[in-house]
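Working notes for the structure below.
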Amino acid sequence: MINKRLLIKNLLAHNDENSFYDKKRKINIGEKEGKAKFLKHICALSNSNPKNNSYIVIGVDDEDNKIIGVDFFDDSKIQNLINAYLTNPPIVQYENIPFPHLPDDKVVGLVTIRAKKEVGITSLRKNIWKYYGGSVFLRDGSMSMPKVFDIEIKDVNSSIVSAIENHAQNNIQYTLDGVFDFMNKRKDFNPQYKVFKEYFVMCWSGQKKTTKSQVFYSRVDIELINEQVRLFFSTLDEVEIIYNDDSFKIIEYVNLGLHNQNKYFKLEETIITFGDNATYNIETQLLFEPPQYDKKILHHIYNSNNAILDKLKKGIALNKNEIQDINNLPVTYLICYFNLFHEAINKLIEAKPLLKNYNKEVYSLYKETMRILRKVKYS
């Protein structure tokens, strides 16, 4: 089993960007340009390495390889995005890898790309940004370039990738160190661990509360220690955790509502099932059913949000009521979108730099809102 933290260190230490490995400071698949560039790199790496894994490491400074981290990105539906835009899509997995020196809310993103070599060349299925449907990309050194595909790709990377992966194999010391690191770092949040099938170690933590005999956790952190992969992290949501000797289930709830009359809604269920042959499987299911509200009330809220955005654009100070309302602006735009106010999604995108400049707390609420939207949209 590969220790993903060690794999990232090996990639950064021994290889510059090349035909099987790329690094990014960040990605943004919420906007067309960022989504198009991400798909281009996936396409190029898949075509350039038909017989081995390729990797993208996200959260690394290009100049000096310094690990700076990115926000936790729990988009389990990223394969749906790949399938929608690429012909002969590779299998793509996005994982969040914690590093001890990073803040709790930062990780390194690791994208693993495995081409389906038996199905042919990967290409863009349709136009996106400035790239045309049918385009084929290949790696040219550290660049992903459009190519006329009329040559056979030689397998020059398999032995290199295999050596890097072999040097990143987990062992009992890495596992124990990972457990101790987690227990110490999360000691204020009731850390726990469980060993599954005498092999896998799951650690989790959170602030515990009991409501009507049900146990919920907030400020939740969940890691699969063997691979140094963070499976879940949220400072805002409520989470229900259920486990037995064979599986570990996470049910995520989101807090939504208007005029401070909020309710918790089930968002997503994740089940990690552990096998007897040192394998595991992760399945996710969207459970979310958006709340519906009176359209007249939503029109009023939508227009009020637009007025706040307009003031932020012009640098006009907000009044007392607007200062209170801006905290609810991201989630009320989201509710409007779920109630068929289609332009609300564009307003959310427009709000990003304005809320980021306003203050850290509001921007954190914005990022949480976009995370919910991303899950629902790609499902």
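Tabulated data
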read-out	value
Subset of the range 298-325 that is of a type in the set (Lys, Arg) and loosely packed, with under 11 Cβ neighbours inside 10 Å - its residue that is nearest to His259 (Cα to Cα)	Lys320
Filter pass, Ile308 being of a type in the set (Val, Ile, Thr), assigned to a helix (DSSP H, G or I) and modelled with pLDDT of 95 or more	yes
Complete set of residues in the range 336-350 that are part of a helix (DSSP H, G or I) and touching a Phe, Trp or Tyr at 6+ places or on another chain (Cβ under 7 Å)	Cys336, Ala344, Ile345, Lys347, Leu348
From the options Lys37, Lys66, residue that is closer than 27 Å to Asn166 by Cβ and more than 13 Å from the chain's Cα centre (by Cα)	Lys66
Condition met for Ile113 (in a loop (DSSP other than H, G, I, E, B), of a type in the set (Val, Ile, Thr) and either touching a residue at least 60 places away in the same chain (Cβ under 8 Å) or surrounded by fewer than 22 Cβ atoms within 10 Å (Cβ to Cβ) (or both))	no
Qualifying residue in the range 219-236 (condition: farther than 28 Å from Asn80 by Cβ, surrounded by 16 or more Cβ atoms within 10 Å (Cβ to Cβ), under 21 Å from the mean Cα position of the chain (by Cα) and at pLDDT below 95)	yes
Flag for Ile113 being of a type in the set (Val, Ile, Thr) and closer than 20 Å to Glu31 by Cα	no
Qualifying position, being of a type in the set (A, V, I, L, M), buried (at least 16 other Cβ atoms within 10 Å of the Cβ) and over 27 Å from Asn184 (Cα atoms), among Leu7, Leu86	Leu86
Test: residue in the range 48-66 that is in a helix (DSSP H, G or I), within 15 Å of Arg125 (Cα to Cα) and touching a strand residue (DSSP E or B) at 6+ places or on another chain (Cβ under 8 Å)	no
Number of the condition not met by Asn303 [criteria: (1) assigned to a strand (DSSP E or B); (2) free of Cβ contacts under 8 Å to residues at least 12 places away in the same chain]	(1)
Any hit, the range 153-175, residues being of a type in the set (Lys, Arg), exposed (fewer than 14 other Cβ atoms within 10 Å of the Cβ) and at pLDDT below 90	yes
Index of the failed condition, Ser48 passing every other in (1) modelled with pLDDT under 90; (2) closer than 20 Å to Thr270 by Cβ; (3) crowded, with 19+ Cβ neighbours inside 10 Å; (4) not acidic (Asp, Glu)	(2)
Residues within the range 180-209 that are more than 20 Å from Asn244 (Cβ to Cβ) and out of contact with any strand residue (DSSP E or B) (no Cβ under 6 Å at 6 or more places or on another chain), tallied	7
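The values are calculated or read from the model by the stated rules, or taken from the named source; none is laboratory data. Remember, it's a predicted structure, so these values are computed and weren't measured experimentally. Don't worry about glycine lacking a Cβ; one is built from the backbone with ideal geometry, like all the others, and counts go over all protein chains shown.
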